[in-house]
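For reference, the structure is listed below as structure tokens.
Values quoted throughout were computed directly from the atomic coordinates according to the rules given, and no laboratory measurement underlies them. Because the structure is predicted, anything quoted here is derived from the model rather than measured. Positions of Cβ are generated from backbone atoms using ideal geometry, with glycine treated the same way; all protein chains shown enter the neighbour counts.
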């Protein structure tokens, strides 16, 4: 069984590093390719280390892969702020605003003006819990169908995240809450305001709208649970759909972003399945606790 996850990681890191090294950057003040290259070099070495362990001991690598995903994915995402949109600075947000209006007859984010405070509270907390859906998917796969399913789930999650990151470079887009004016500010009850402010303050890469990673990974998590833990799927379904709705109603994403994130789930999963099958990964049974070792 070849280390497919590490190969996906290495492919992403090499492509982004080549863009950082070769693209001129257009003189944008935020363009700092050296920092991105240094960050990606560290990630590259860590991925190679996990790959070496995976070849000898898949069981040991399983934990390390999870740790690398939890720490490395946020770092890879944040590092894009030194590259995007200096390399590709087209203002896609205004195009997507026009497309949204042409398709829907208006701006979906404007519905936020009339949201009750309790619903803003629920949606904001759901949005903030995004990574929890991914953790639930990986753990649910392991709980429902064993370690082989966990490995497959990790491949789908890591591949989904890195696919969305790569497309941020191709189509850098800023969300409605930054570029549009609305009649009312979103108001929650207790925690929505501080949580929203904390998310805004911690996000170093604001060009992360297309595709909607929240949508793509929430639906990928549902796909994982549908395959390997149907009981958990039904518990996660409504919160995941609420998360998708929150991306638009809370003005983080355009409708086009959400549609793109949803459309990309299936082909991305199928491609990653193909890579795993080609590399000799054992099939993950949907029956509880049946594991291929």
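What order do you get for 137-144, 110-117, 46-53 when each peptide is scored by the mean count of other beta carbon atoms within 10 Å, highest first? Let's see the in-between values first.
Details: 137-144: 22.9, 110-117: 14.4, 46-53: 17.6.
Packing proxy ranking, top to bottom: 137-144, 46-53, 110-117.
In whole angstrom, how far apart do the alpha carbon centroids of the stretch 227-270 and the stretch 190-212 sit?
18 Å
How long is the gain from residue 101 to residue 178 if the chain were fully straight, where each residue apart is worth 0.36 nm and the alpha carbon distance is subtracted? Don't skip to the answer; put the middle values down first.
Details: separation 77, 0.36 × 77 = 27.72 nm, distance 1.75 nm.
Gain on extension, residue 101 to residue 178, equals 26.0 nm.
Could you rank the peptides 68-80, 253-265 by their average count of other C-beta atoms within 10 Å per residue, with the highest value first?
Numbers: 68-80: 18.0, 253-265: 22.7.
Ranking the peptides 68-80, 253-265 by packing returns 253-265, 68-80.
Please give the contour-minus-distance gain from residue 7 to residue 52: 0.36 nm per residue of separation, less the Cα-Cα distance, rounded to one decimal in nm.
Values: separation 45, 0.36 × 45 = 16.20 nm, distance 1.16 nm.
Difference between extended and current length: 15.0 nm.
So how tilted is helix 117-128 from the main axis of the chain? Cα-based, degrees 0 to 90, rounded to 10.
Rounded to the nearest ten degrees, it is 40.
Under the classification rounded if a/c is under 1.5, otherwise prolate if a/b is larger than b/c and oblate if not, where does the chain fall, given a ≥ b ≥ c as square roots of the Cα gyration tensor eigenvalues?
Working: a/c = 2.04, a/b = 1.26, b/c = 1.62.
Oblate, since a/c reaches 1.5 and b/c is not below a/b.
Treating the angle as unsigned and between 0 and 90°, give the value, to the nearest 10°, between the Cα long axis of helix 4-22 and the longest Cα principal axis of the chain.
In the chain, helix 4-22 runs at an angle near 50 degrees to the longest axis.
Expressed in nm to one decimal, what extension gain is obtained for the pair residue 226 and residue 38 from 0.36 nm per residue of sequence separation less their Cα-Cα distance? Don't jump to the answer; show the numbers that get you there.
On the way: separation 188, 0.36 × 188 = 67.68 nm, distance 3.88 nm.
Contour length minus the Cα-Cα distance gives 63.8 nm.
For the pair residue 94/residue 263, report the inter-label distance in nm, with labels modelled 7 Å from Cα in the Cβ direction.
In this crude spin-label approximation the distance works out to 2.4 nm.
Give the relative contact order (percent, whole number) for the stretch 108-262; include only Cα pairs under 8 Å separated by 6+ residues.
Numbers: 215 pairs, mean separation 63.2, N = 155.
Relative contact order of the stretch 108-262: 41 percent.
How many nm is it between the label spots at residue 117 and residue 234, if each spot is 7 Å from the Cα in line with the beta carbon?
Label at residue 117, label at residue 234, 3.6 nm between them.
Calculate, for residue 71 and residue 15, the FRET efficiency according to 1/(1 + (r/R0)^6) with r their C-beta to C-beta distance and R0 25 Å; round to the nearest 0.05. Intermediate results must be reported in sequence, preceding the final value.
Working: r = 21 Å, r/R0 = 0.83.
Efficiency at R0 = 25 Å is approximately 0.75.
To test your reading of the geometry: what angle, between 0 and 90 degrees and rounded to tens, separates the Cα axis of helix 147-170 from the longest principal axis of the chain?
40 degrees
Can you tell me which of 128-135, 102-109, 146-153 comes out highest on packing, and rank the rest after it, using the mean Cβ neighbours within 10 Å? Write down the numbers at each step before the final one.
On the way: 128-135: 17.4, 102-109: 13.6, 146-153: 23.8.
By packing density, highest mean first, the sequence is 146-153, 128-135, 102-109.
Express the relative contact order of the chain as a whole percentage, based on alpha carbon pairs under 8 Å and six or more residues apart in sequence. List each step's numbers first, then the result.
Numbers: 426 pairs, mean separation 77.2, N = 293.
RCO, the chain: 26 percent.
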